[in-house]
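To keep things clear, I will list the structure first and then write my remarks on it.
The values are calculated or read from the model by the stated rules, or taken from the named source; none is laboratory data. Quick caveat, the model's predicted, so the values are computed rather than measured. Note that we place each Cβ from the backbone using ideal geometry, even for glycine, and neighbour counts take in every protein chain shown.
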């Protein structure tokens, strides 16, 4: 299945993006991939036209574009248990390694000695 999101930086779409990235759909036996389609109106048109199966977007945009079917099923709130599972998954990810010395290809700060 294809899940359209209008951007990858908004906290509005974070649960959907995180669920795909962390394998939540896969754990439920669903193969879901993200499709970045901007703006949100175009994402709903893509769903209408069969290019994607779902849209993680604002509900008011779906009806405003006349692209989504009626009745429109709307959801997205995570329960406390789901938020706890999401945060637990994120907390279990390995900490990123941060370089403490710049590499030879790093751009030098002219203000530093």
Review point. Of everything in segment 1-19 that's surrounded by fewer than 18 Cβ atoms within 10 Å (Cβ to Cβ) and without any contact (Cβ under 8 Å) to a residue 40 or more places away in the chain, which residue is nearest to residue 39 (Cα to Cα)?
Key: 7
**Study point:** residue 54, sole failed condition from (1) more than 27 Å from residue 89 (Cα to Cα); (2) under 13 Å from the mean Cα position of the chain (by Cα)
**Key:** (1)
Revision key, fill the gap. Turns out the helices (runs of 4 or more DSSP H) fully within segment 1-69 with at least 1 residues that are in contact with a strand residue (DSSP E or B) (Cβ under 9 Å, 6 or more places away or on another chain), more than 20 Å from residue 79 (Cα to Cα) and modelled with pLDDT of 90 or more are 40-48
Check your understanding: Within the set of pairs 6 or more residues apart or between chains, which connect a residue that is modelled with pLDDT under 70 inside segment 92-113 to a residue that is in a loop (DSSP other than H, G, I, E, B) with Cβ atoms less than 8 Å apart?
Key -> 102/108
Practice item. Output the number of the condition that residue 44 fails; it satisfies all remaining conditions of (1) under 15 Å from the mean Cα position of the chain (by Cα); (2) crowded, with 18+ Cβ neighbours inside 10 Å. Key: (1)
